[in-house]
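Just so it is clear, none of the values below were taken in a lab; they were calculated from the coordinates. Values in this document were obtained by computation on a predicted structure and should not be read as measured data. Because the Cβ atoms are built from the backbone with ideal geometry, glycine has one as well, and the counts that use them run over all protein chains shown.
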Amino acid sequence: MLLALSLIALGVALRLPDHIRFARRVPRAASAAQLIALQRSRANDTTPALLLAGQWVQVTGYWLLVGHGLWAATVAAAGTAVQFRHLQEISHHAVHGVLARTRRANLLLAEVFAHHPLALVPVPVRHRRHVVDHHPRATLAADPNLAELDQAGLRPGVTRWRFLLALVHPLTLTGIRETGSTLMSNLRGQHARAAAALAVPGAAYLIGGWPAAVAGFLIPRLLLYPLLAWWSLLAEHTWFDAEHRTGTRAEVEAGRCLRLYPHSRILAAFAAWTWLPYGDLHHYAHSAHPGLRWNYLPALERHLPVPHATPGALLLGPDSVARRHHDALTAVRSADAALR
């Protein structure tokens, strides 16, 4: 137990140099241009590598924790899923070219620490889908994320039961099959990626036996991490009732972005530490200025127009993301019924 907790603590410590380097002394009144200049002056390739290494050291600690009882295994499964989610978001900033100093380092760090071991698509493919196809077209018909939501059943006129299933889509049989199919597609013909992806559960098995391979890899990778990533997607935009505006990029994004938990520091902090890490809680600010690292998004957000939607909850309550999406999707059916 002591070794497991020590490794988890070491992983946290390895992440600190990057935070200290980039987040120290950020002026509250700094403009986007000033924040970008500050970011460029601090850019390097060493602290991002330590940051990513720290995530895997924490994962190793969780693998050792699995063997200490059911509660420890549950914590390890949840903790590993959170670390996988963190790796996804860190590599997201690499895709935007702002994690490390050079383009080569961004590509290499994302592939080695996230895309290969988690069997994600190659970084250039993700760059095209996310930076080229999604960002300029968020919430529009050409946005590939809308097709993903539609495939999960989130489409106009959705029934209540189908909508509830869509909220936990990665845990449904259809969602699990899609996760498995996506993994196999990402690995097909990619020998280095397949070797890295197989090495992770192999390492978990060597460190903690079958319990670590199952609770420390299979359950987090196939179920829990996809669920966290799915909830993140749901909370990024007003997908089905975006207010299309003109003007500056910030003004346009204010019409189609969500800003979750604006009035609860506790919920916001919990989300930022778990399922909305590394600036994903501030997706609105990121959409307005994709070239900014996560460290500077809170400072930027203070100077942006108020976004279209600021829900106080994800799944439950009248002021939740789920209620907004449901009302927007069922409005079409209600309108049709009224006409009849």
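I need to check one value: relative contact order of region 104-203, counting alpha carbon pairs closer than 8 Å and at least 6 residues apart, in percent.
Working: 58 pairs, mean separation 36.6, N = 100.
Relative contact order here is 37 percent.
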Within 10 Å of each residue's Cβ, count the other Cβ atoms and sort Ser320, Ser41, Ser181, Ser264 from fewest upward. Ser41, Ser181, Ser264, Ser320
Compactness of region 83-172 - radius of gyration and Dmax, Cα, Å: 15.6, 48
At R0 = 41 Å, FRET efficiency that the Cβ-Cβ distance of Thr102 and Thr74 yields, to 0.05: 0.50
In percent, what relative contact order does region 1-76 have, based on Cα pairs under 8 Å that are 6 or more apart in sequence? 51
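Rounded to the nearest 500, what is the chain's calculated 222 nm mean residue ellipticity when only DSSP H runs of at least 4 contribute -39500 (n - 2.57) each, over all residues? Don't skip to the answer; put the middle values down first.
Numbers: 16 runs with 201 residues, N = 340.
Value at 222 nm, helices only, nearest 500: -18500 deg cm²/dmol.
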Tell me the relative contact order for the chain as a rounded percent, counting alpha carbon contacts under 8 Å between residues six or more apart. 20
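When you count, for each residue, the other Cβ atoms within 10 Å and take the mean per peptide, how do 135-145, 69-79 rank with the highest first? Mind dumping the intermediate values first?
Working: 135-145: 14.8, 69-79: 16.7.
Those peptides, ordered most packed to least, come out 69-79, 135-145.
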Suppose R0 equals 35 Å. What FRET efficiency, 1/(1 + (r/R0)^6) with r the Cβ-Cβ distance, do Arg25 and Glu148 give to the nearest 0.05? 0.30
Amide H neighbours of Leu258 at under 5 Å, excluding residues fewer than 5 places away on the same chain, with H built from the backbone geometry, are His237, Thr238
Ordered by residue, what ³J(HN,Hα) values in Hz, to whole numbers, does region 115-123 give under the Karplus form 6.51 cos²θ - 1.76 cosθ + 1.60, where θ = phi - 60° and Gly and Pro are x? 5, 5, x, 9, 6, 8, 5, x, 4
Considering the options Tyr205, Ala9, Thr246, tell which one lies farthest towards the positive end of the dipole of region 2-339, charges being +1 on Lys and Arg and -1 on Asp and Glu at the Cβ, about the Cα centre. Ala9
Quick calc, Arg188 & Val168: beta-carbon distance into FRET formula, R0 25 Å, rounding 0.05, result 0.35
When the Karplus curve 6.51 cos²θ - 1.76 cosθ + 1.60 is applied with θ = phi - 60°, which whole-Hz ³J(HN,Hα) does each residue of region 198-210 get, with x for Gly and Pro? 6, 5, 5, x, x, 5, 4, 5, 5, 7, x, x, 4
